[in-house]
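Student: My questions all concern the structure below.
The values are calculated or read from the model by the stated rules, or taken from the named source; none is laboratory data. As the structure is a computational prediction, the values presented were derived from the model and not from experiment. For neighbour counting, all protein chains shown are included, and Cβ atoms are generated from backbone atoms with ideal geometry for every residue, glycine included. The accessibility values were calculated without ligands, DNA or RNA, using every heavy atom of the protein model including side chains. Shrake-Rupley method; radii C 1.70, N 1.55, O 1.52, S 1.80 Å.
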Amino acid sequence: MTDEYEFEIKRKDESGKVYYSTYKVPKDKISTVLEGLLYIKENIDQSLSFRYSCRMEICGSCGMEIDGKPRMACSTIVEDLKKDRIRIEPLKHYKVIRDLVVDIDPFFEKYREVKPYIIRDDDGKYDKELPQTPEQFHEYANFAMCIKCGLCMAACPIEGSDPQYLGPAPLAAAWRYIADNRDKGAKYRVEVVDGEEGTSRCHFAGECTEVCPKGVDPSFAIQKLRRTALKIELASIFGGR
């Protein structure tokens, strides 16, 4: 056993050149991958670029590929990886801006498409609370835990082959609001998620659920969306008969 880790980091400079840099990080000075990256930036190479903010798996900023799997750097304990040489790369299926920093604008554009907010049919003209029981809250609570880190998008094989696919995080967000008893916007979201680039593109690989750091289950949400879309379509065909 050595007293150092080796971080092998995939990098991209301003000219677009892609290469790997290897850095040695003392084992006794780090606990997470993010702390190791900060050690490198502060003591070895100030040009290394990566995103981070909260350092406690809340903001979703520090997502990256760590040993071939999308993970949060702030909550990945280096020792748990059981090796001395760690390969770190930017998230797949995103355009790389520099080093480990990727362009997340397309992700949020897709997220906005599913109308991730409460929609009412009363134009918001009410003067009292919208009641919700604990049971009603638990219908969508798991899906509300999403921190928009984008790991599920990087893990999804369909996202990699079809950039137009909405992807697991936006679809899970659609179900989060449809499942909310205060919301009346299911028919509007179904118009978006039931298209060619919506739920029908999912092959149910389940990778999105596996990599989620908060335990959200996008795979299950997509199946619920399919069922809801079918019910709305049948109601439009046979309604009133």
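Student: Go ahead and set up a Gaussian network model of the chain, Cα springs under 10 Å, then flag whichever of MET64, MET153, MET56 fluctuates most.
Tutor: Answer for the Gaussian network model of the chain: MET56.
Student: By how many degrees, 0 to 90 and rounded to 10, does the Cα axis of helix 218-238 deviate from the longest principal axis of the chain?
Tutor: Approximately 20 degrees, to the nearest 10.
Student: While we're here: Please identify every one of the GluC sites (Glu not before Pro) in the stretch 138-241 that sits in a loop by DSSP and has no more than 13 other beta carbons within 10 Å of its own beta carbon.
Tutor: For GluC sites (Glu not before Pro) across the stretch 138-241 that sit outside H, G, I, E and B with at most 13 neighbouring Cβ atoms in 10 Å, the list reads GLU196.
Student: Let me ask you something else. May I ask for the percentage of alpha-carbon pairs in the stretch 142-223 that lie more than 16 Å from each other?
Tutor: Roughly 45 percent, rounded to a whole number.
Student: Under a point-charge model restricted to the Cβ atoms of Lys and Arg (+1) and Asp and Glu (-1), what is the dipole moment magnitude of the stretch 23-170 relative to its Cα centre, in debye to the nearest 20?
Tutor: 620
Student: Of PRO134, PRO163, PRO26, which has the largest mean-square fluctuation in a 10 Å C-alpha GNM of the chain?
Tutor: Among PRO134, PRO163, PRO26, the largest mean-square fluctuation in the Gaussian network model of the chain belongs to PRO134.
Student: Another question, if that's okay. Taking the Cα centre of the stretch 105-237 as origin and charging only Cβ (+1 Lys, Arg; -1 Asp, Glu), how large is the dipole, in debye to the nearest 20?
Tutor: 220
Student: Measuring from centroid to centroid over Cα atoms, what is the spacing of the stretch 31-83 and the stretch 111-161 in Å?
Tutor: Their Cα centres are 28 Å away from one another.
Student: Among GLY167, GLY150, GLY60, which one shows the biggest mean-square fluctuation in a GNM of the chain, springs joining Cα atoms closer than 10 Å?
Tutor: Taking springs between Cα atoms under 10 Å, the residue moving most is GLY60.
Student: Taking the solvent-accessible surface of protein heavy atoms with a 1.4 Å probe, what is the per residue accessible area of the stretch 96-235 in Å²?
Tutor: That works out to 53 Å² for each residue.
Student: When you take every Cα atom in the chain, what is the radius of gyration, and what is Dmax, the widest Cα pair distance, in Å?
Tutor: 20.9, 75
Student: Further question on the same structure: Only Cα pairs under 8 Å and at least 6 apart count here; give the relative contact order of the stretch 1-160 as a rounded whole percent.
Tutor: It comes to 24 percent, rounded to a whole number.
Student: Answer with one residue from ILE44, HIS138, THR199: the one whose Cα lies farthest towards the positive end of the charge dipole of the chain, charges on Cβ with Lys, Arg +1 and Asp, Glu -1.
Tutor: THR199
Student: How would the stretch 156-197 be classified by its alpha-carbon gyration tensor: rounded, prolate or oblate, with rounded meaning a/c under 1.5 and the a/b versus b/c comparison settling the rest?
Tutor: oblate
Student: Semi-axes, largest first, in whole Å: what does sqrt of 5 times each Cα gyration tensor eigenvalue give for the stretch 4-103?
Tutor: Calculated on Cα positions only, the semi-axes equal 19, 16, 13 Å.
Student: In debye, nearest 20, what is the charge dipole magnitude of the stretch 69-125 about its Cα centre with +1 on Lys and Arg Cβ and -1 on Asp and Glu Cβ, if you could check?
Tutor: For this selection, approximately 320 debye.
Student: Please give me, ordered by residue number, the trypsin sites (Lys or Arg not before Pro) of the stretch 1-109 that lie in loop per DSSP and have at most 12 other Cβ atoms within 10 Å.
Tutor: Sparse-neighbourhood loop trypsin sites (Lys or Arg not before Pro): LYS17, LYS82, LYS83, LYS95.
Student: Which Cys in the chain stand alone, with every other cysteine's Cβ at 4.7 Å or more from theirs?
Tutor: Lacking a cysteine Cβ partner under 4.7 Å: CYS62, CYS74, CYS146, CYS149, CYS156, CYS202, CYS212.
Student: Further, regarding this structure: What is the percent carbon and sulfur in the accessible area of the chain, measuring with a 1.4 Å probe over the protein chains and ignoring ligands?
Tutor: It is 49 percent, rounded to a whole number.
Student: At R0 = 35 Å, how high is the FRET efficiency between ASP121 and PHE238 if r is their beta carbon distance? Nearest 0.05 is fine.
Tutor: Between ASP121 and PHE238 the formula returns 0.95.
Student: Which listed residue (ILE119, TYR20, ALA73) has the Cα farthest towards the positive end of the charge dipole for the chain, taking +1 on Lys and Arg C-beta and -1 on Asp and Glu C-beta about the Cα centre?
Tutor: My answer, from the dipole projection, is ILE119.
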